[in-house]
Structures are given as C-alpha cells and as structure tokens.
Amino acid sequence: MGVSKGNMFEIEVKKVSLYNTRSRGVEEFAGIRPGYAGVYCCGPTVYNYQHIGNLRTYIFEDLLTRVLRRAGYQVTHVMNITDVGHLVSDADDGEDKMALAAKREGKRSHDIASYYTDIFFEHCAWLNIRRPDIVCKATEHISEMIELIKMLEHNGYAYQAGGNVYFDVARFSRYGDFARLDMDNLLAGARIDVDSNKRGPLDFALWFTKSKFENQELQWDSPWGRGYPGWHIECSAMARRYLGDSFDVHCGGIDHIPVHHTNEIAQSECATGKCQAKFWLHGGFLTTASEKMSKSTGEFLTLDVLKKREIEPLAYRFFCLGGHYRKELAWSWEAVESAGRTLVKMRRRIDEIRESVEEGLDDEFSQVGLELLSAFDTAVFADLGIAKAMAVVHETISDEQISSVEKLKLLSSYDEVLGLDLMCAQKEVKELPEDVVALAKERDDARQAKNWSRADEIRNQLQAAGYLVEDTADGTKVKK
Ligand code: AMP
Ligand code: ZN
C-alpha cells in the first residue's frame with residue numbers, strides 16, 4: 001500500500017483510487033489541498049420518505065467518507081436538503097414536489113420538510129450512516145443562489161423570458177461532455193412545447209417567478225421578481241458556499257449524471273470559470289424485479305417496512321455492501337433476510353472469540369495481523385472494494401494463528417469502515433423462538449381483522465409463557 005506525502009505540509013495519506021465519472025476511469029485520488037477532501041453529496045428532496053433505494057446511495061457516500069478518513073484525509077462532508085424548487089420532472093416539468101406534498105397532506109411546506117428531514121436522519125442513524133459535517137437547507141441559501149445567477153447573467157449564460165431566468169445551454173459548448181450526451185440527437189428529439197419561454201429545448205430554469213405557478217407558498221424577492229430557485233442551482237450554490245468554487249468530490253445516484261449534475265457543472269463552471277469538482281462518484285441503483293425503485297411509480301419500500309418484518313436495518317446495510325457501489329443491486333426479501341442471518345452469525349462468532357480471550361496476552365499486532373489489516377485497507381482503498389474486504393473479515397474470524405485479542409482489535413478496526421456493529425454482543429439481542437414470533441404475527445392479523453377475542457387469547461398465552469406483550473404503532477412487540 002503506497003503512501004503519498006502532501007508537498008507543502010507533509011501530511012501522510014494512504015493511496016486511494018476511485019472511479020471518476022468525469023474520465024470514466026479509476027484514478028488515484030488527489031485532493032486540491034494536501035490531506036483534505038471536501039465532499040458534496042446531493043441530499044434528499046424532503047417531500048416524502050426516502051426509500052431504501054435512496055438510502056443505498058447514502059450508504060455508499062457514508063462508506064466513501066469513512067474510507068477517505070481511514071486513509072488519513074480530513075473530510076468535510078456536505079449534504080443539502082432540498083426543501084424547495086425540485087419539480088416533478090428533473091427537466092423543469094410539473095409542479096414543485098414540496099408544494100404538491102403540502103397540498104396532499106394539508107400542511108405547510110415547512111412542516112412537510114421538517115417532518116421528512118427528521119425521519120430521513122432517523123433512518124440514516126439506524127443504518128449507521130454518519131451525519132454529514134454540514135447539512136444545508138435550500139431555503140436558507142437563497143442569497144447564495146441569487147448571487148450565482150447574477151454571475152451567470154454577467155457572464156452571458158443566463159437570459160430572462162416570461163418572468164423566469166434560464167440557463168442558455170447553447171452558450172456552453174462543453175455542456176454534453178460530462179454525461180457524454182449525443183447533443184445532435186438530443187436536440188433533434190427534444191420536446192419544444194414544454195416551455196415556450198426557453199430559447200433551446202435543453203435550457204433549464206435558474207429562477208422561477210410567479211409566472212410559473214400562481215400562489216406558490218415559498219417565494220423570495222430577487223432581481224428578477226418574487227419567485228423561487230430552480231433545483232439545480234441549489235446544489236451549485238450550496239457546494240460553493242461550503243466547499244469553494246472548486247472542490248474535491250461530488251456524489252449522487254447514477255440518475256443524476258445526464259441532467260442534474262450536467263446542469264450543475266454548466267452553472268458552476270460558467271459562473272466561476274473554474275472546474276467545479278475534481279472527482280465525480282455515482283452510486284448504482286437499487287432495482288426491483290420490474291425496474292428501479294422509484295417514488296414516481298409508487299413502487300418503493302422504506303426502512304420502516306423492513307423493521308416491521310423484523311429485519312434489522314443493519315442487515316440492509318450489509319446487503320448493500322454485498323454489491324459494488326457502482327453496480328446495480330437487485331432487491332429481494334430473500335437476499336436481505338439472508339444478509340441478516342449472515343450478520344448475526346458473524347456477530348455470534350465474534351461473541352465466541354470474546355469469550356475465549358486470555359488475560360495478559362501481548363496486544364501488539366503480529367505479522368499475520370498486520371498483513372490482514374493491510375489486505376483490508378488495500379481492498380477498501382481500491383475504489384471501495386468491499387467484496388475483498390469482507391473476505392478479509394471472514395479470514396480474520398477463522399484464522400488460527402492470531403490471538404483472540406488481536407482478532408477483536410482487527411475486527412473492531414474493520415468495523416470503523418463497515419459500520420455493521422460487528423462488535424455488538426449478539427447474545428444480548430437473543431432472538432425470540434420461532435413459535436413466539438409466529439404467535440405475535442398471528443395476533444397482528446387477528447387485530448387487523450378485528451378478531452379481538454383471538455388477539456386477547458394469544459396475549460394471554462404469551463404472557464403465561466413469560467413474555468411481555470406491548471401494542472405499538474408497529475404492531476405487537478414481545479419481550480422476554
Ligand atoms: P431524491 O430524493 O429523489 O433527490 O434522491 C436522493 C438520492 O437517491 C439521489 O442521490 C438519487 O440519485 C438517489 N436514488 C434515487 N433512486 C434510487 C435508487 N432506486 N437506487 C439508488 N439510489 C437512488
Ligand atoms: Zn444536487
């Protein structure tokens with residue numbers, strides 16, 4: 001494993017290689033400043049629950065920041081919260097997702113946003129996704145967006161039409177480079193009837209005024225009239241505010257390449273004249289049998305649903321780590337349940353190792369231990385190669401040469417990257433016997449069917465067997 005030295009400050013960091021969407025190749029990571037990595041991740045649009053597909057992307061980003069920190073980088077992880085401006089289609093079509101949700105739930109946009117933001121972070125915590133160092137809300141950064149739009153206007157990349165301000169794609173010759181867009185075909189096939197204000201079909205809104213939607217709840221004064229920002233400008237402005245004109249890594253799901261990130265690059269680079277992000281990393285989609293998991297098709301699962309089926313959230317994290325972050329991952333209940341069982345087995349093996357620790361043993365790493373540690377790091381530093389890293393975890397558990405103390409130290413060190421609570425004593429979370437779980441399920445069904453006498457009968461049966469029975473919003477909870 002190589003070590004790079006930052007030229008100015010002699011900061012030692014380990015070599016990390018990452019796939020850069022910009023070059024479509026794996027490159028050795030080098031930050032703009034030695035030893036430092038500014039990482040911007042596109043965050044949730046808080047108009048609904050984040051589904052487990054969205055969460056897969058945040059797990060990948062969490063893994064990335066853990067790996068960069070392990071390599072010695074000081075990381076600033078920034079994530080935005082989109083609480084205004086994201087229209088139903090990424091290409092400026094339809095109404096604001098937040099406004100639609102406010103209507104749907106009969107609440108104010110602000111309340112919708114704070115409700116879904118809180119749930120999002122709760123779900124992240126269940127998954128051991130560390131909270132980013134900076135979480136920034138779009139509605140609190142309108143002045144930064146206005147400033148960026150003014151810069152674009154000044155540089156000749158923005159125009160006003162019908163009360164809105166648009167980005168003029170034709171002025172930016174590199175527009176299609178990032179996503180390798182076939183511009184001629186795209187322009188020929190684009191719908192021109194969507195918004196007659198646009199000069200070109202790929203132009204996108206930087207600022208909307210009342211002319212787009214009357215009575216929009218969230219509005220701000222601007223040099224172009226009272227209105228609200230486009231979605232793409234939010235990320236450009238907030239990334240610039242917290243990480244500067246140029247920064248190290250920008251992440252998101254793979255769907256963001258052709259529109260959102262293409263537009264972000266256009267805005268940021270035309271406004272500042274500088275390269276926005278050196279490295280662009282994209283997570284592959286979680287797919288269901290029919291297609292990707294998506295909110296628009298209504299086909300989505302949340303972490304709550306998994307919990308209701310007694311699936312530990314970390315089993316989902318483990319399932320996600322089972323596929324390389326750039327590849328599609330096919331969702332199935334069987335696969336996630338099997339991941340959960342494997343995780344429990346691993347923790348039980350670690351329980352046994354803990355029990356076999358002999359007092360007074362030297363706690364220095366042996367040669368074999370050092371080799372295992374280095375193999376683990378080499379794997380994760382190679383474009384987040386978790387498959388190889390997991391093989392090292394298993395090898396460590398079953399190794400016969402190293403002491404139990406050493407094994408525990410290694411496993412605990414691996415878990416700083418994996419975030420699977422490997423060291424949590426599985427014995428303390430003893431599983432309930434299968435017949436008890438079945439009875440609890442049967443009781444939920446009986447309650448659903450308003451068969452109260454059967455529900456009571458089951459409760460009495462469980463209590464007689466020494467269990468505590470509670471009715472919760474998630475159904476019957478049984479404890480020994
Ligand atoms: P959104 O709230 O729709 O803006 O999405 C939040 C994040 O989840 C973005 O980075 C998306 O690219 C990502 N995402 C959306 N759908 C999926 C999916 N099915 N699998 C993985 N990531 C997704
Ligand atoms: Zn974004």
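The values are calculated or read from the model by the stated rules, or taken from the named source; none is laboratory data. The model shown is predicted, which means the values in this text are computed figures rather than measured ones. Here the Cβ positions follow ideal geometry from the backbone for every residue, glycine too, while neighbour counts run over all protein chains shown. Accessible surface is based on the protein model in full, side chains and every heavy atom, while ligands, DNA and RNA are left aside. Shrake-Rupley method; radii C 1.70, N 1.55, O 1.52, S 1.80 Å.
Miscellaneous remarks
- Positive-end extreme of charge dipole, the chain - chosen from TRP220, ILE233, SER403 (charges on Cβ): TRP220
- Residue among GLY200, GLY176, HIS282 farthest towards the positive dipole end of the chain, charges placed on Cβ: GLY200
- Approximating the spin labels as points 7 Å out from Cα along Cα→Cβ, the LYS388-to-MET423 distance works out to 2.6 nm.
- Cross-link pairs beyond the 28 Å C-alpha cut-off, checked among LYS15/LYS307; LYS15/LYS345; LYS107/LYS137; LYS388/LYS441; LYS14/LYS278; LYS307/LYS407: LYS15/LYS307; LYS15/LYS345; LYS388/LYS441; LYS307/LYS407
- Solvent-accessible ranking of VAL78, VAL478, largest area first, probe 1.4 Å: VAL478, VAL78
- The chain - percent of accessible surface contributed by carbon and sulfur, probe 1.4 Å: 49
- Label-to-label distance, nm, for residues given as ALA375 and LYS308 (7 Å Cα→Cβ offset): 4.3
- The mean accessible area for residues of the chain, using a 1.4 Å probe and ignoring ligands and nucleic acids, is 46 Å² per residue.
- In plain terms, the chain from VAL368 to SER17 could stretch by 123.9 nm, reckoned as 0.36 nm per residue minus the Cα-Cα distance.
- Whole-number D in µm² s⁻¹ for the chain, Kirkwood Cα-pair radius fed into Stokes-Einstein, 25 °C, 0.890 mPa s: 98
- Distance between modelled label sites at GLU355 and HIS110, nm, 7 Å Cα→Cβ extension: 5.7
- Dividing the mean sequence gap of close Cα pairs (under 8 Å, 6+ apart) by how many residues the chain holds gives a relative contact order of 16 percent.
- Note on TYR36: accessible area approximately 30 square angstrom, rounded to 10, probe 1.4 Å, nucleic acids and ligands left out.
- Farthest toward the positive end of the dipole of the chain, out of ASN20, VAL75, CYS136, is the Cα of CYS136, where the dipole comes from beta carbon charges about the Cα centre.
- Descending Cα extents along the principal axes, region 2-283, whole Å: 57, 42, 33
- Added length on full extension, which subtracts the Cα-Cα distance from 0.36 nm per residue, GLN448 to ASP118: 115.9 nm
- Size of charge dipole - the chain - debye, nearest 20, with Cβ of Lys, Arg +1 and Asp, Glu -1, no other charges: 660
- Tilt relative to the chain, helix 262-272 - C-alpha long axis, 0 to 90 degrees, to 10: 60
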